[in-house]
Amino acid sequence: MCPIIFAEVRSRMLTCVKGGTRHPQYAVATAKKRFAMDIRTIAVAIDLETPASPALTAAIDLAQRCKAKLIGVAADQPAVVGAGLDGGTAALDFYQAELDEIQKRFKSAEKAFDVQAGARPGAEWRSFVASPERAMIATGLSADLLVLPATISAVYGSPRPFDAGEVVLASGRPTIALAASASKVSTDSIIIGWKDTREARRAVADALPFLRDAKDVLAITISEGNADSEKQSLADLVTWLDVHGVKARTERIENQEGFIDVLESTARARNADMIVTGGYGHSRMREWLFGGMTRDLLEATDITRFFSN
């Protein structure tokens, strides 16, 4: 992973939190508006080729619903060029030329961000000379929720899939991986991919603001042969959610094709807006290794996914 070698931050009208209270405009008057209490800062990855992207539109809308501060995060880095002693100067010149162009794109993207989000209280712009994934990981320290597009563009090169897995496992923050072209984070219908693990418990707890806002919540577990334990786990989950103001239904499915196949097909069949699940994985030699469920779900860009690890 490349280190972050440059970062620029610009804030507007930053709000303060003291003694557990906020500026009156952030106050929550009803139980329904508890949504706004849980997510106070949202960070979104900015595409340099399309700064006014659907992902930014979705993040702005979500920030308005949550009454949250919004951070726009732009990132790109020059290609690493190897050269012998005789080509060192040329390589440095090439690197500097790319860096200069990236800085120009940062300024252009910042202007586009200002047009769309600049009027929001506390709107903030950050630019990094780094990979977009590393930039979002770094920004995670300042955010409650990270919003990622399905693809990301660099100044030089074609659009590529955004590596949400790296961010999920390294940021320490809940992450929304948007469906391709999604311009809103819809939460009317949510499916929970449930397995009684630490990651799944963490994901459900982190997703409470969205689960409370949903009209329909369905927790699905795929049987591994222990019916009594699985039924009790689902019952305990429903009870816990009810205590937190969430009414949920459950479904225990016998299926040999695997968890992810059922989770995705059920989400599509029920026109679910979001899937909530844990991000299962670990780090070895800087390589993120996922179980099949999470890896496949990361690639399912036809639906918005909420991950927590």
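Where nothing but the Cβ of Lys and Arg (+1) and of Asp and Glu (-1) is charged, how large is the charge dipole of segment 166-255 around its Cα centre, in debye to the nearest 20? Please list the in-between numbers first.
Numbers: 12 positive and 14 negative charges, 63 e Å.
That gives a dipole near 300 debye.
Given 0.36 nm per residue, what is the gain on full extension from VAL115 to SER265 after removing their alpha carbon distance, in nm? All intermediate terms of the calculation are to be shown ahead of the outcome.
On the way: separation 150, 0.36 × 150 = 54.00 nm, distance 3.88 nm.
50.1 nm is the gain from fully extending VAL115 to SER265.
Explain nothing, just compute: Karplus ³J(HN,Hα) = 6.51 cos²θ - 1.76 cosθ + 1.60, θ = phi - 60°, for every residue of segment 100-108 in order, whole Hz, x for Gly and Pro.
With the stated coefficients, segment 100-108 comes to 4, 5, 4, 5, 5, 5, 4, 5, 5 Hz.
So if R0 is 30 Å, what FRET efficiency would SER181 and LYS104 give, r being the distance between their Cβ atoms, rounded to the nearest 0.05? Before the final figure, lay out each step's value.
Values: r = 27 Å, r/R0 = 0.90.
Approximately 0.65, to the nearest 0.05.
Can you list residues from other chains, or at least 5 along the same chain, whose modelled amide H is less than 5 Å from the amide H of GLY279?
SER308, ASN309
Ranking ASP61, ASP236, ASP38 by Cβ neighbours within 10 Å, fewest first, what do you get? Don't jump to the answer; show the numbers that get you there.
Values: ASP61 14, ASP236 11, ASP38 17.
Going from least to most buried by this count: ASP236, ASP61, ASP38.
So what is the relative contact order for segment 180-260, in percent, with contacts set as C-alpha pairs under 8 Å and at least six apart? Write out the running numbers ahead of the final one.
Working: 90 pairs, mean separation 25.6, N = 81.
Computed over segment 180-260, the figure is 32 percent.
Tell me whether segment 168-280 comes out rounded, prolate or oblate; compute the Cα gyration tensor, take square roots of the eigenvalues as a ≥ b ≥ c, and use a/c under 1.5 as the rounded threshold. Present the calculation step by step, with values, prior to reporting the outcome.
On the way: a/c = 1.39, a/b = 1.26, b/c = 1.10.
Rounded is the answer for segment 168-280, as its axis ratio a/c remains below 1.5.
Taking LYS247 as the anchor, which aspartates and glutamates have their alpha carbon closer than 17 Å to its alpha carbon, excluding any fewer than eight residues away along the same chain?
Leaving aside aspartates and glutamates fewer than 8 places away in the same chain, those within reach of LYS247 are ASP188, ASP206, ASP213, ASP216, ASP236, ASP273.
I want to check the label-to-label distance for ASP61 and ARG202. Put each point 7 Å from Cα in the C-beta direction and report it in nm to one decimal.
My value for the distance between the label points is 2.9 nm.
Could you give the radius of gyration (one decimal) and Dmax (whole number) of the Cα atoms in segment 194-235, in Å?
11.5, 33
How much FRET efficiency would the formula 1/(1 + (r/R0)^6) give for LYS231 and LEU141, where r is the Cβ-Cβ distance and R0 is 45 Å, rounded to 0.05?
Working: r = 40 Å, r/R0 = 0.89.
With a Förster radius of 45 Å, E is 0.65.
Between beta-carbons, use under 10 Å as the cut-off and find the net charge around ASP188, counting Lys and Arg +1, Asp and Glu -1.
Numbers: positive: LYS215; negative: ASP213, ASP216, ASP273.
Overall, the nearby charge balance is -2.
Using per-residue counts of other Cβ atoms within 10 Å, averaged over each peptide, order 186-193, 171-178 from highest down. Let's see the in-between values first.
On the way: 186-193: 21.2, 171-178: 23.2.
Most protected by this proxy first, the peptides run 171-178, 186-193.
Taking H as built 1.01 Å from N, whose amide H comes closer than 5 Å to the amide H of LEU145, not counting residues under 5 places away?
THR41, ALA43
With unit charges on the beta carbon (Lys/Arg positive, Asp/Glu negative), name the residue among TRP240, ILE191, LEU208 whose Cα is farthest towards the positive pole of the charge dipole of segment 95-240.
My answer, from the dipole projection, is LEU208.
Given the pairs LYS69/LYS184; LYS69/LYS104; LYS184/LYS231, which span a C-alpha to C-alpha distance of over 28 angstrom in this model?
On the way: LYS69/LYS184 17 Å; LYS69/LYS104 26 Å; LYS184/LYS231 34 Å.
Too far apart for the 28 Å limit: LYS184/LYS231.
No value in this document is a laboratory result; all are computed from the given coordinates. These figures come from a predicted structure and were not determined experimentally. Here the Cβ is made from the backbone with ideal geometry for all residues, glycine too, and neighbour counts use every protein chain on show.
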